[in-house]
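What follows is a short report on a single structure.
The values are calculated or read from the model by the stated rules, or taken from the named source; none is laboratory data. Owing to the predicted nature of the structure, the values given are computational and were not obtained by experimental measurement. Heads up, the Cβs are rebuilt from the backbone with ideal geometry, glycines too, and the neighbour counts pull from every protein chain shown. For accessibility, only protein heavy atoms count, side chains too; no ligands or nucleic acids. Shrake-Rupley method; radii C 1.70, N 1.55, O 1.52, S 1.80 Å.
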Amino acid sequence: MKFRAKIVDAACLNHFTRVSNMIAKLAKTCTLRISPDKLNFILSDKLANGGVSMWCELEQENFFSEFQMEGVSAENNEIYLELTSENLSRALKTAQNARALKIKLTNKHFPCLTVSVDLLSVSSSSRIVTHDIPIKVIPRKLWKDLQEPVVPHPDVSIYLPVLKTMKSVVEKMKNISNHVVIEANLNGELNLKIETELVCITTHFKDLGNPPLASENASQDRNPEQMAEVHLEIKKLLQFLVGQQVNPTKALCNIVSNKMVHFDLLHEDVSLQYFIPALS
């Protein structure tokens, strides 16, 4: 098993750092899947047990100037590593204005992802800062639990409003209730609702639009006005929204009534899928 990669382009380095910061806000620990052409950050808490799951994917050629890997075997040319997300994010924070960044799989008494940052010092000489991030290598037999989630057919698919606006609404709602209802229809309307014994608050978003396929695929007898809804734990929704520091190029919300919500985001060339199960 071997892995080494290098980023020299400043824009790529900043983008990779932003992705790593987002992952650290979404998942305490995650799985890094390395394959010849892609990197994936995976969180696979079982939806059935009320856990969220995440699948973030980036094409390595959009980030790295050098990328070499050898998986566990020729036919299973992949590597799965478990790591603490914040350790990677912290290491990359030191890479601002760096000349280059190298990431390598090493063994220093324990398996590590070693991040070396080539910094320019005042005297124009180079200074290397090295971070050894402890990792666990995930054995082949456990890979089956870490595959890309199957997306169930949604009842309603709708474009999301500006995520910052949505986040500030949900933050205020969290002070009043632990639960939130997301409901949407095929008329481009999405509502966030909370209800307690004393108060009922709804925030309405209109004219959001539905992806063309959603309207075509919806069962012919579904009234465009009819809402599909899902009850969520508010802190799980907020955690997802807090993780979005940059407004994505595309942001979709897919609702499977009373089962789950699936967020499908595209940040330039990084895709993020995030699944939150409904409250039982």
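A few remarks follow.
- For the residues VAL242, VAL246, VAL199, the requirement of being surrounded by fewer than 17 Cβ atoms within 10 Å (Cβ to Cβ) and either among the polar types (S, T, N, Q) or without any contact (Cβ under 8 Å) to a residue 24 or more places away in the chain (or both) singles out VAL199.
- Within the stretch 44-97, considering residues that are open to solvent by 50 Å² or more (accessible area, probe 1.4 Å) and hydrophobic (A, V, I, L, M, F, W, C), the one farthest from the chain's Cα centre (by Cα): ALA74
- Residue count for the stretch 26-41, restricted to those that are modelled with pLDDT of 95 or more and within 9 Å of the chain's Cα centre (by Cα): 1.
- The residues listed here are GLU148, GLU197, GLU171, GLU225; of these, the one that is in a loop (DSSP other than H, G, I, E, B) and under 21 Å from the mean Cα position of the chain (by Cα) is GLU148.
- LEU142 vs. criteria open to solvent by 30 Å² or more (accessible area, probe 1.4 Å), within 22 Å of ILE42 (Cβ to Cβ), in a strand (DSSP E or B) and touching a residue at least 60 places away in the same chain (Cβ under 8 Å): no
- Among the conditions (1) out of contact with any Ser or Thr (no Cβ under 7 Å at 6 or more places or on another chain); (2) of a type in the set (Lys, Arg); (3) surrounded by fewer than 21 Cβ atoms within 10 Å (Cβ to Cβ), the only one that ARG33 does not satisfy is (3).
- Cβ pairs under 7 Å, 6+ apart, first in the stretch 61-81 and over 21 Å from VAL115 (Cα atoms), second among the polar types (S, T, N, Q) and outside any helix (DSSP H, G or I): ASN77/SER35
- Residues located in the stretch 104-129, provided they are at pLDDT below 95, closer than 22 Å to THR94 by Cβ and open to solvent by 70 Å² or more (accessible area, probe 1.4 Å): LYS108, PHE110, LEU120, VAL122, SER123, SER124, ARG127, ILE128
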